[in-house]
Each structure stands twice: as C-alpha cells, then as structure tokens.
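The structure appears right after this line, and notes come after that.
We did not get these values from a lab; they are worked out from the coordinates using the rules stated. The structure presented is a predicted model; accordingly, all values stated were derived computationally and were not measured. Cβ placement follows ideal geometry from the backbone for every residue including glycine, while neighbour counts extend to all protein chains displayed.
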Amino acid sequence: MVLNHIGYITETIEDTRSDFVSLGYCAGNIVDFPAHKCRVCFLKRDGEVIVELVEPYEENKSLRKLASRGVAPYHLCYEVDNIDESSINLQKLGYVPLSEPVAAPAFDNRRICYFWGRGTGYIELLSKY
Amino acid sequence: MEREEILKKMEDIFKNVFDVDSLVLDDDITADDIDEWDSLSHIQLMLAIEKAFDIKFTSREMKELADVGEMVSCIKSKLK
C-alpha cells in the first residue's frame, strides 16, 4: 500500500489548478469522471506526492456541499497490488466501503474505490494494474 | 427515549444534513427516497446522528443500517 496522491476538493478546478501552478506544480489536463460525477486534474512537483484536484458535478450534491466549505484536502489515495484483497483487509480494520471498485479514466481505467475510517477519514484505493 | 421521539429528532438531523425543509420521516425511508442520500452523505448523516444522540455506531452498523426504521431501532438499543 503506497501513497499515490492527496485528493483536494474544489468548486472550481480551473482556479485551484492555477493557484497550485503558482506554487510550482505542473498541471495535467482536466479529465471527466462521469461514474463518480466529478472532474479531476493532477498536479505534480518533482519528488513529491501528487495532488489530485476534484471538482464535483452540480448534481453531485453531497460532494458539492463539501466543496462549498472551501478548497481542502479530503482523501488519501493508496496504490495497491490487489484492490479486491485490500478492500477486504480495510473492511476487517473497520473501514466502511463507499463504492465498489470502478474503472477510472484518469488512471488508464485502473480500478478505484473509496472507504471511510473513523480515525483516518476518506481513503481511496487505486489498483496498480 | 421512545421511537417517536427518536424519529422526531432524526427528522431534524435529516433536514439539516440533506438541506431539505419539507421532509417527513417514517420507518420505511431509504436512500432511494432522498436525492442527496449517497454513500458520502450517509457517513455525514451517521456522524450527525452519533453526535445528536451521543452514541457510537460500529463500522458494520454504519454500512448496513439501510432504512430509517433500522436506524431508530439501533439508536433505541444504544440509549438503554
């Protein structure tokens, strides 16, 4: 389980992307992710953890509500060898699954899924393959 | 606390979490009945219920309590 990125929530991905670029990040393209009703963009800086910006669609009301509180980190994403096995392990640790693994266009259709843990908040798993 | 009292208190919580003023809860209400009730807002809902009733749900309960009736029963059992 290796940290892949920190997810940031935002109402306006273009604005937040610009702000991060001002901090020295290189920004990727904005990618639509209809299955999760959001748009995402990745920001990189050499040798550092990736930042993922997430802008929920208007109809994604629960995530829009979170975004309305301001730009903020809201999940950690871990890359795993076996997402199905890792999902089971997280549930054994008491994590609540929020979604079944789905193919993510922003990750070359590798599968992702989300969990919530009382001690750590929202965790995303990303399949390595 | 009786079921009716719990239900009334939960109605206020639901209205606050889902920003819906005109909501009337009954035991059969599920996520299918409320537009904003998805997996993310479900966590926020359960945390708000925990805070309001000063209880703690297990992770299994967080995951499996699927309708208002089940939630009320669970809350009632924790308040004894």
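A few remarks follow.
- Low-density loop positions, trypsin sites (Lys or Arg not before Pro), segment B:4-67 - DSSP coil, at most 14 other Cβ in 10 Å: B:Lys56
- Here the mean projected area of the convex hull built on the C-alpha positions of chain B is 4.6 nm².
- Principal-axis tilt of helix A:83-92 within chain A, Cα atoms, nearest 10 degrees: 70
- In order along segment B:8-14, phi translates into HN-Hα couplings of 5, 5, 5, 4, 4, 5, 4 Hz, rounded to whole numbers, per the Karplus curve 6.51 cos²θ - 1.76 cosθ + 1.60 with θ = phi - 60° and x for Gly and Pro.
- Label-reachable residues, segment A:1-40, where backbone N falls under 18 Å from a point 7 Å from A:Asp81's Cα toward its Cβ: A:1-4
- For segment A:57-108, convex hull volume per residue from C-alpha positions, Å³: 127
- Part-to-part distance (alpha-carbon centres) for segment A:20-50 and segment B:3-28, which is given in Å: 38
- Shielding score for B:35-41, defined as the mean number of other chain Cβ atoms within 10 Å: 6
- For segment A:27-80, the equivalent ellipsoid derived from the alpha-carbon gyration tensor has semi-axes of 21, 13, 11 Å in decreasing order.
- Whole-Å semi-axes of chain A's equivalent ellipsoid (Cα gyration tensor): 23, 17, 14
- Across the cross-link table entries A:Lys128/B:Lys51; A:Lys61/B:Lys63; A:Lys92/B:Lys15; B:Lys15/B:Lys78; A:Lys37/B:Lys76, which are compared at the Cα atoms, the separations over 31 Å belong to A:Lys128/B:Lys51; A:Lys92/B:Lys15; A:Lys37/B:Lys76.
- Near-label residues of segment A:59-97 by backbone N, under 16 Å of a point 7 Å along Cα→Cβ of A:Arg110: A:76-87
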